[in-house]
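A.B. asks: The structure follows.
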Amino acid sequence: MTAEILRFALGYAQIALILALALACWRMLLGPRAQDRVLGLDTMYINAMLLFLVIGMGNGNVFFFEGALVIAVLGFVTTVCAAKFLMRGEVIE
Amino acid sequence: MRHLEQLPPWAAIIVALFVVIGATLTLLGGVGLVRLKSFYQRLHAPTLGYSYGTLLIILASMLMFSLAEGRAVLHELMVGIFIMLTTPITLLMLGRAALRRDRDRKLGHDEVVPPRNRPTPPAAAKDGGRDGAAKIPAPAADGAGAGDPQP
């Protein structure tokens, strides 16, 4: 009974996060301007990080957590660099 | 799937509730990201997933691994603190970059953005003299208004 509740909740969470990832990807492909695409990419990073955490909870595996941490760091660096590029036209001044 | 049977039922219900609510809020943020009209509205939508989605899923993960392994597993806090620290930085920088790009006349767009400078005191006094504009002198940031005499 315990395992069924958890398996249902984790399966639902995976489906919902994959749908959120697809919606963010839609905004990234469709975005009318460049900042919409950067925002969609940042949302995709966060959603992928949450999806890795949920998959790690389902597997009982700690390595997914480290993947989630790496994705979070990469998402931060990517978005900051893209925002700097949009603001100034160059990344390193 | 052995670790899922080791949890007590109350913990399973709490973990399932946290995971379901967090994933649903993240999905609602994605729907808002697609459906809202302006960029400055869309900037607010995915923060549902950044704040509440991350918080609830991390709490559920910490609770589940702590009860399954019989010790305090706190390394998910690292992700939570990192997201809590970096999300305002990234979104502020993105918003400022978007505002700077929207004020640029050369890039064609149809966003409505506020002007860079507030109206000067004579113009504000002419159209009615609102108390906020009358008390605060306008900053002489632009070079044209710097030489004007004060009223």
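The values are calculated or read from the model by the stated rules, or taken from the named source; none is laboratory data. Because the structure is predicted, anything quoted here is derived from the model rather than measured. Here the Cβ positions follow ideal geometry from the backbone for every residue, glycine too, while neighbour counts run over all protein chains shown.
A.B. asks: Would you point out the residue of the stretch A:30-63, among those that are in a helix (DSSP H, G or I) and among the charged types (D, E, K, R), that is farthest from the other protein chains (Cβ to nearest Cβ)? Even if it seems obvious, please write down each step before you answer.
C.D. replies: So in the stretch A:30-63, the residues in a helix (DSSP H, G or I) come out as A:30, A:34-59, A:63.
Cutting the leftovers down to among the charged types (D, E, K, R) gives us A:36-37, A:42.
Numbers: A:Asp36: 6, A:Arg37: 11, A:Asp42: 6 Å.
Within the stretch A:30-63, the match that is farthest from the other protein chains (Cβ to nearest Cβ) is A:Arg37.
A.B. asks: Sort out which residues of the stretch B:58-93 are more than 17 Å from A:Leu53 (Cα to Cα), surrounded by 16 or more Cβ atoms within 10 Å (Cβ to Cβ), without any contact (Cβ under 8 Å) to a residue 24 or more places away in the chain and not aliphatic (A, V, I, L, M), and write them in order of number.
C.D. replies: Of everything in the stretch B:58-93, those that are more than 17 Å from A:Leu53 (Cα to Cα), surrounded by 16 or more Cβ atoms within 10 Å (Cβ to Cβ), without any contact (Cβ under 8 Å) to a residue 24 or more places away in the chain and not aliphatic (A, V, I, L, M) turn out to be B:Thr86, B:Thr90.
A.B. asks: Which one of these does B:Leu55 not meet: (1) surrounded by 19 or more Cβ atoms within 10 Å (Cβ to Cβ); (2) in contact with a helix residue (DSSP H, G or I) (Cβ under 7 Å, 6 or more places away or on another chain); (3) more than 7 Å from chain A (Cβ to nearest Cβ); (4) within 23 Å of A:Asn61 (Cα to Cα)?
C.D. replies: Going through (1) surrounded by 19 or more Cβ atoms within 10 Å (Cβ to Cβ); (2) in contact with a helix residue (DSSP H, G or I) (Cβ under 7 Å, 6 or more places away or on another chain); (3) more than 7 Å from chain A (Cβ to nearest Cβ); (4) within 23 Å of A:Asn61 (Cα to Cα) one by one, B:Leu55 breaks only (1).
A.B. asks: Continuing with this model, one more query. Of the residues in the stretch B:18-42, how many are touching a residue at least 24 places away in the same chain (Cβ under 8 Å), more than 7 Å from chain A (Cβ to nearest Cβ) and not small (Gly, Ala, Ser)?
C.D. replies: Here the count works out to 4.
A.B. asks: Tell me, please, whether a residue that is over 14 Å from the mean Cα position of the chain (by Cα), within 19 Å of B:Leu77 (Cα to Cα) and in contact (Cβ under 8 Å) with a residue 40 or more places away in the chain can be found in the stretch A:52-63.
C.D. replies: The answer is yes, given that some residue of the stretch A:52-63 is over 14 Å from the mean Cα position of the chain (by Cα), within 19 Å of B:Leu77 (Cα to Cα) and in contact (Cβ under 8 Å) with a residue 40 or more places away in the chain.
A.B. asks: May I pose another question? Any idea which residue in the stretch A:15-26 is farthest from the other protein chains (Cβ to nearest Cβ), counting only those that are of a type outside the set (Val, Ile, Thr) and surrounded by fewer than 17 Cβ atoms within 10 Å (Cβ to Cβ)?
C.D. replies: For the stretch A:15-26, the residue satisfying everything is A:Cys25.
A.B. asks: May I pose another question? Can you report the number of residues in the stretch B:64-98 which are in contact with a helix residue (DSSP H, G or I) (Cβ under 8 Å, 6 or more places away or on another chain), of a type in the set (A, V, I, L, M) and within 10 Å of chain A (Cβ to nearest Cβ)?
C.D. replies: Within the stretch B:64-98, residues that are in contact with a helix residue (DSSP H, G or I) (Cβ under 8 Å, 6 or more places away or on another chain), of a type in the set (A, V, I, L, M) and within 10 Å of chain A (Cβ to nearest Cβ) number 12.
A.B. asks: Let me spell it out: the conditions are (1) modelled with pLDDT under 95; (2) over 24 Å from B:Arg100 (Cα atoms); (3) surrounded by fewer than 22 Cβ atoms within 10 Å (Cβ to Cβ), and A:Leu29 meets all of them except one. Which number is the exception?
C.D. replies: Of (1) modelled with pLDDT under 95; (2) over 24 Å from B:Arg100 (Cα atoms); (3) surrounded by fewer than 22 Cβ atoms within 10 Å (Cβ to Cβ), only one is false for A:Leu29: (2).
A.B. asks: A follow-up question, please. When the stretch B:43-52 is examined, which residues are found to be of a type in the set (A, V, I, L, M) and either touching a Cys at 6+ places or on another chain (Cβ under 6 Å) or within 7 Å of chain A (Cβ to nearest Cβ) (or both)?
C.D. replies: The answer is B:Leu43, and nothing else.
A.B. asks: Next question. Looking only at residues that are within 21 Å of B:Thr26 (Cβ to Cβ) and buried (at least 21 other Cβ atoms within 10 Å of the Cβ) in the stretch A:72-91, which one is farthest from the other protein chains (Cβ to nearest Cβ)?
C.D. replies: My answer is A:Gly75.
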